[in-house]
Amino acid sequence: MPGTLSPEAISTKLERIATLARHRPALVLTSLAHHIDVAFLREAYRRTRKDGAVGVDGQTAEAYAANLEENLQGLLDRLKSGTYEAPPVRRVHITKAETGKTRPIGIPTFEDKILQRAVVMILEAIYEQDFLPCSYGFRQGDDARRVHAVLPKRFGKYGLTLHPEKTRLTEFHRPRGPVTRDTRPATFDLLGLTHYWGRSWRGYWVVKRQTARNRFRRAVTTAARWCQRHRHWPLGDQQRRLNTMLRGHYGYYGITGNSRRLAAYRYEVVRVWRKWLDRRSRRACMTWSRFFRVLARYPLAPAVLPHSIYRHAAKP
């Protein structure tokens, strides 16, 4: 739309906030709401996932987009006037692939997701400046037991509880001495990533991360099911959707040291795409040689690491 800020302009605004927070760490930023305007909400809308489940109001992303500008203006007016109230969160139970058990999750309304995204965009610009590239929430000087004892009480004040199966203390320290099968360092999964000790290029022990096996299998299964259900779509439409899935996967799991798992995921997506294109008809005709010609015309996004420390260090 003419006269509106582009995503690049919003990024510039966020960079100014980040620069201020980085160079003046003692400054208390008490006025942030004025950064959120219609253009900012529009960018938050762009970054909000559109294919998620609907909230209690049943409103889809498509329905919200049908009257986008008026909806965003109304959201901004309620936010600025202090009359905005977050709608109730819809509670659903999903089955865990690993155990077959169910766990509850909360699904906010699509409009609330937009506002949450806008707030996150500002807070990330501020608080990311307080972390080092190696910071992943750990606290030295084994405080884990004290925090583990205090957290349930603090959560309880707000009517929240910690999941008993997901909250535990794990001994995770730098390996001492030679590593054998019996002295292999412990690993743990957190936020879809397996954390483990490995050697750096220079031979030092460092914490490495790769896509957890269960998340990898789930991502491949999701891609395979999509290819099966949509194998009769035009190839260009399939390519665009698969590239969206790939880039979303890279955007989350594309961290330093995880290049092999990302490349493996792309390989699996390529494999299942060919498999279900081969089954578009009763005659199996999508040979690998023919499929490579399809890939040349409709290429899939290459595996990249958006969050690699080496990639960012190479930038001037």
Notebook entry, point to check: Are any residues in region 169-182 of a type outside the set (Ser, Thr, Tyr) and surrounded by 10 or more Cβ atoms within 10 Å (Cβ to Cβ), and if so, which ones?
Noted result: LEU169, PHE172, HIS173, ARG174, PRO175, VAL179
Item checked: Answer from ALA303, ALA264 - the residue that is in a helix (DSSP H, G or I), closer than 25 Å to GLN210 by Cα and either among the hydrophobic types (A, V, I, L, M, F, W, C) or at pLDDT below 90 (or both) -> ALA264
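Yes or no, residue by residue, for (1) loosely packed, with under 13 Cβ neighbours inside 10 Å; (2) at pLDDT 85 or above:
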{"position": "HIS23", "(1), (2)": "yes, no"}
{"position": "THR30", "(1), (2)": "yes, no"}
{"position": "ILE36", "(1), (2)": "no, yes"}
{"position": "GLN59", "(1), (2)": "no, yes"}
{"position": "ALA66", "(1), (2)": "yes, yes"}
{"position": "GLU70", "(1), (2)": "yes, yes"}
{"position": "GLU85", "(1), (2)": "yes, yes"}
{"position": "LYS96", "(1), (2)": "yes, no"}
Check: Looking at region 73-97, which of its residues are without any contact (Cβ under 8 Å) to a residue 40 or more places away in the chain and either under 14 Å from PHE110 (Cβ atoms) or part of a loop (DSSP other than H, G, I, E, B) (or both)?
Finding: GLY74, GLY82, THR83, TYR84, GLU85, ALA86, PRO87, PRO88, VAL89, ARG90, LYS96
Notebook entry, point to check: Looking at (1) in contact (Cβ under 8 Å) with a residue 60 or more places away in the chain; (2) more than 27 Å from ARG47 (Cβ to Cβ); (3) in a helix (DSSP H, G or I); (4) open to solvent by less than 80 Å² (accessible area, probe 1.4 Å), which is the only condition GLY236 fails?
Noted result: (2)
Check: Checking ALA296 against (1) free of Cβ contacts under 8 Å to residues at least 40 places away in the same chain; (2) closer than 30 Å to THR187 by Cβ; (3) in a helix (DSSP H, G or I), which single condition isn't satisfied?
Finding: (2)
Margin query: Could you check region 161-182 and list, in sequence order, the residues that are under 27 Å from LYS96 (Cα atoms) and modelled with pLDDT under 80?
Written below: LEU162, HIS163, PRO164, GLU165, LYS166, THR167, ARG168, LEU169, THR170, GLU171, PHE172
Margin query: Looking only at residues that are open to solvent by 60 Å² or more (accessible area, probe 1.4 Å) and either among the basic types (Lys, Arg) or touching a residue at least 24 places away in the same chain (Cβ under 8 Å) (or both) in region 265-290, which one is nearest to HIS232 (Cα to Cα)?
Written below: ARG280
Margin query: Just to check your reading of the model, which residue among LEU193, LEU262 is open to solvent by less than 50 Å² (accessible area, probe 1.4 Å), among the hydrophobic types (A, V, I, L, M, F, W, C), touching a Gly at 6+ places or on another chain (Cβ under 8 Å) and under 30 Å from LYS101 (Cα atoms)?
Written below: LEU262
Next item on the list: Determine whether THR244 is among the polar types (S, T, N, Q) and in contact with a Ser or Thr (Cβ under 9 Å, 6 or more places away or on another chain).
Entry: no
Item checked: Flag if LEU29 is in contact (Cβ under 8 Å) with a residue 12 or more places away in the chain, in contact with a helix residue (DSSP H, G or I) (Cβ under 8 Å, 6 or more places away or on another chain), hydrophobic (A, V, I, L, M, F, W, C) and not in a helix (DSSP H, G or I) -> yes
Margin query: Please verify whether TYR250 is surrounded by 15 or more Cβ atoms within 10 Å (Cβ to Cβ), assigned to a helix (DSSP H, G or I) and at pLDDT 95 or above, treating the condition exactly as stated.
Written below: no
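Every residue, every condition in (1) at pLDDT below 85; (2) exposed (fewer than 10 other Cβ atoms within 10 Å of the Cβ); (3) touching a Leu at 6+ places or on another chain (Cβ under 8 Å), yes or no:
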{"residue": "ASP143", "(1), (2), (3)": "yes, no, no"}
{"residue": "LYS157", "(1), (2), (3)": "yes, yes, no"}
{"residue": "ARG184", "(1), (2), (3)": "yes, no, no"}
{"residue": "ARG199", "(1), (2), (3)": "yes, no, no"}
{"residue": "ARG209", "(1), (2), (3)": "no, no, yes"}
Margin query: For the list (1) assigned to a strand (DSSP E or B); (2) farther than 26 Å from ARG103 by Cα; (3) touching a Ser or Thr at 6+ places or on another chain (Cβ under 9 Å); (4) of a type outside the set (Val, Ile, Thr), I need the number of the one condition that ALA186 fails.
Written below: (1)
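The values are calculated or read from the model by the stated rules, or taken from the named source; none is laboratory data. Quick caveat, the model's predicted, so the values are computed rather than measured. With ideal geometry, Cβ positions are generated from the backbone for all residues, glycine too; neighbour counts draw on all protein chains shown. Note: areas computed on protein heavy atoms with side chains; ligands, DNA, RNA excluded. Shrake-Rupley method; radii C 1.70, N 1.55, O 1.52, S 1.80 Å.
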